[in-house]
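**Q** If you scroll down you'll find the structure; I have some questions about it.
The values are calculated or read from the model by the stated rules, or taken from the named source; none is laboratory data. Because the structure is predicted, anything quoted here is derived from the model rather than measured. For neighbour counting, all protein chains shown are included, and Cβ atoms are generated from backbone atoms with ideal geometry for every residue, glycine included.
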């Protein structure tokens, strides 16, 4: 049996518990972080199958954070959840359904996770 995919969810929005719950209900192991600064040291290659950044009101900063992670470790899967999508292939809308669908799609294409619907 495969272990669940590990997701680092960087999210300081008031409704973050809803995103955490939705991802856990899909069978993912979710590791929440409130601040990008605190999470940066946890973004070591191989620690997580996917890093999700919920931009909230800090879209420019969140985009720069994702770009930096991708420069440091090009193999790391990164997903930016933002209200208005920046011109990035790894960005999705901020609604819960878009986020969950994108997470499933990324993890399904990157590995054999039984929980990736």
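**Q** Working only within the range 22-38, note down all residues that are part of a helix (DSSP H, G or I), within 18 Å of residue 56 (Cβ to Cβ) and at pLDDT 90 or above.
**A** 22, 23
**Q** Does the range 6-26 include one or more residues that are farther than 19 Å from residue 96 by Cβ, surrounded by 15 or more Cβ atoms within 10 Å (Cβ to Cβ) and within 13 Å of the chain's Cα centre (by Cα)?
**A** yes
**Q** How about the range 71-84: which of its residues are within 17 Å of residue 11 (Cβ to Cβ) and at pLDDT 80 or above?
**A** Of everything in the range 71-84, those that are within 17 Å of residue 11 (Cβ to Cβ) and at pLDDT 80 or above turn out to be 77, 78, 79, 80, 81, 82.
**Q** Mind listing whichever residues of the range 65-109 are out of contact with any helix residue (DSSP H, G or I) (no Cβ under 9 Å at 6 or more places or on another chain), within 20 Å of residue 33 (Cα to Cα), in contact (Cβ under 8 Å) with a residue 12 or more places away in the chain and loosely packed, with under 15 Cβ neighbours inside 10 Å?
**A** Listed by number, the list holds a single entry, 72.
**Q** Another question, then. Can you name the residue in the range 85-107 that is in a loop (DSSP other than H, G, I, E, B) and farther than 17 Å from residue 67 by Cβ and is also modelled with the highest pLDDT among such residues?
**A** 95
**Q** Only one of these conditions is not met by residue 41: (1) modelled with pLDDT of 90 or more; (2) over 22 Å from residue 109 (Cα atoms). Which number is it?
**A** For residue 41, the failing item is (1).
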